[in-house]
Every structure is written in C-alpha cells, then in structure tokens.
Amino acid sequence: MGSDHYFSASPSSSENLRRIRVSLAGRDVEVTTAGGVFSPDHIDGGTAVLLANTPPPPAGGHLLDLGCGWGPIALSLALDAPRATVWAVDVNERALDLVRRNAEELGLDNVNAVQPEDVPEGVAFRTIRSNPPIRVGKDVLHGMLETWIPRLAERSDAWLVVQRNLGSDSLQRWLAASLDRGYSVSRAATGRGFRVLKVRRHGTPATGTITLP
C-alpha cells in the first residue's frame with residue numbers, strides 16, 4: 001500500500017470489498033471487509049488469542065474496542081452483551097464504515113463506530129478490549145493507552161493483546177510503571193506468540209478488612 005496503512009484516516013488503496021466467514025461469540029457469521037484495513041481476509045491471530053482468553057463482557061454499561069478495524073472484537077462484544085453500549089473506535093474511516101455495515105447486517109443496534117474524539121467525555125468503560133496498533137510507534141501507542149485506560153470504570157478491566165516479539169513484555173513494564181497505584185497490570189494468557197495483558201482499575205477507597213460482630 002506504499003504510505004497507506006491500516007491506521008491511515010482515509011486509505012487511498014482500492015476498497016476491494018470482500019465477504020468472509022468467521023466465528024464471533026460462538027456463532028458462524030458472514031461479514032464484509034475491505035482493503036486498507038487491518039487483516040481483511042481473516043481474524044488476525046492476536047485478535048483470536050484475545051477473544052479466546054477474555055471473560056464474557058459485562059452485561060450492561062459502556063464497552064470499548066480500541067482500534068476496532070472491521071470489527072471482530074466490537075461485534076463479539078455486542079453479540080455477547082446485547083444490552084450494553086459498544087464503542088468501536090478507530091481513526092480509519094473505512095474501518096468504521098465496515099463496522100457499521102457489519103453491525104447492521106447482524107442486527108446489532110448497540111454498536112457506535114466512531115472516531116476517538118466522538119466518544120463523549122463523560123463515558124466510563126466497564127471493559128476495554130484491544131489489539132492495539134503497535135506499528136504506529138511507541139509514542140503514539142503510549143499516548144493512546146494513557147488517554148483511554150484512565151477511562152475505565154472502577155473495578156473494571158482492560159485486556160490488550162500484543163505480539164511477544166513486538167514488545168509485549170516491555171509494554172507490560174511500561175504500563176506498570178506509568179499507571180498509579182489504583183491499577184494493577186498482569187499477564188493473563190500466552191498463545192501463538194502473543195501475550196494478553198490485563199489492566200485492572202481497582203475501587204477507591206480500597207476495600208477494607210471486614211470485621212465480624
């Protein structure tokens with residue numbers, strides 16, 4: 001694609017729409033993908049590891065897929081939690097159009113596919129799920145996580161999948177060092193060369209010792 005990347009705001013490459021069959025939330029479905037978005041021919045290996053190693057999402061509230069691409073994470077969240085509001089966030093307008101198209105075809109009316117700046121400031125997320133765009137560079141990636149992880153609701157988790165040889169361990173160390181004591185960072189799973197990192201936002205004040213009468 002030359003200088004055209006899946007994290008470009010407006011891909012210049014040919015759209016080249018295609019239909020693929022995938023399994024989302026335990027269901028075999030057909031979705032539309034296109035050129036100029038991340039992994040248009042299948043569910044990426046990292047995303048597959050994330051989907052296989054995260055718990056069911058909260059049944060309600062606001063849920064976030066950060067860097068949604070054509071939507072495998074967001075659509076899975078929406079299928080699993082039809083009463084929740086799913087925010088599918090990306091800078092790639094083509095990707096957002098695909099998420100909207102796929103959500104409509106699957107009968108999902110609880111998906112908002114939007115640019116980052118279009119998420120209302122007061123929204124706090126009961127979970128964040130992401131296969132973050134590592135190739136945007138460390139500074140941009142860190143800025144993304146510094147922006148969105150603090151928007152976790154209390155007693156909520158973010159789940160990130162990162163390829164081991166693309167810096168998952170260093171990212172885990174950076175997260176642990178950068179977030180305040182209200183958070184904890186751990187490795188939740190490993191598979192196919194990927195790490196799933198779990199970031200927990202704890203409640204404040206911390207739960208105290210229970211004294212029995």
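One table, with the values for the structure above:
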item: The one condition in (1) under 15 Å from Gly67 (Cβ atoms); (2) open to solvent by 20 Å² or more (accessible area, probe 1.4 Å); (3) modelled with pLDDT of 95 or more that Leu160 fails to fulfil; result: (2)
item: Residue check for Val114: at pLDDT 95 or above and either of a type in the set (Lys, Arg) or buried (at least 24 other Cβ atoms within 10 Å of the Cβ) (or both); result: no
item: Condition check for Asp139: surrounded by fewer than 16 Cβ atoms within 10 Å (Cβ to Cβ) and either in contact with a Phe, Trp or Tyr (Cβ under 9 Å, 6 or more places away or on another chain) or not β-branched (Val, Ile, Thr) (or both); result: yes
item: Given (1) open to solvent by 10 Å² or more (accessible area, probe 1.4 Å); (2) at pLDDT 95 or above; (3) among the aliphatic types (A, V, I, L, M), index of the condition Ala9 fails; result: (2)
item: Candidate set from the stretch 186-204 (those that are within 16 Å of Leu152 (Cβ to Cβ) and part of a loop (DSSP other than H, G, I, E, B)); member that is modelled with the lowest pLDDT; result: Thr204
item: Which numbered condition Gly36 fails, given (1) at pLDDT below 95; (2) surrounded by fewer than 18 Cβ atoms within 10 Å (Cβ to Cβ); result: (2)
item: Set Ala81, Ala88, Ala124: member being small (Gly, Ala, Ser), open to solvent by less than 30 Å² (accessible area, probe 1.4 Å) and touching a helix residue (DSSP H, G or I) at 6+ places or on another chain (Cβ under 8 Å); result: Ala88
item: Set Gly26, Gly45: member being in contact (Cβ under 8 Å) with a residue 40 or more places away in the chain and either among the basic types (Lys, Arg) or surrounded by fewer than 18 Cβ atoms within 10 Å (Cβ to Cβ) (or both); result: Gly45
item: Complete set of residues in the stretch 143-155 that are closer than 24 Å to Gly45 by Cβ and open to solvent by 30 Å² or more (accessible area, probe 1.4 Å); result: Met144
item: Those strands (runs of 3 or more DSSP E) lying entirely in the stretch 8-95 with at least 3 residues of a type outside the set (Val, Ile, Thr); result: 18-24, 27-33, 62-66
item: Hits in the stretch 166-179 (condition: at pLDDT 95 or above and open to solvent by 20 Å² or more (accessible area, probe 1.4 Å)); result: Asp169, Ser170, Gln172, Arg173, Trp174, Ala176, Ala177, Ser178, Leu179
item: Residues located in the stretch 117-157, provided they are closer than 24 Å to Glu93 by Cβ, of a type in the set (Lys, Arg) and modelled with pLDDT of 95 or more; result: Arg129, Arg151
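The values are calculated or read from the model by the stated rules, or taken from the named source; none is laboratory data. Bear in mind that the values here come from a model prediction, so they are computed numbers and not experimental data. Positions of Cβ are backbone-derived with ideal geometry, glycine not excepted, and every protein chain shown enters the neighbour counts. For the accessible areas, the whole protein counts, side chains as well, though only heavy atoms, and no ligand, DNA or RNA atoms are used. Shrake-Rupley method; radii C 1.70, N 1.55, O 1.52, S 1.80 Å.
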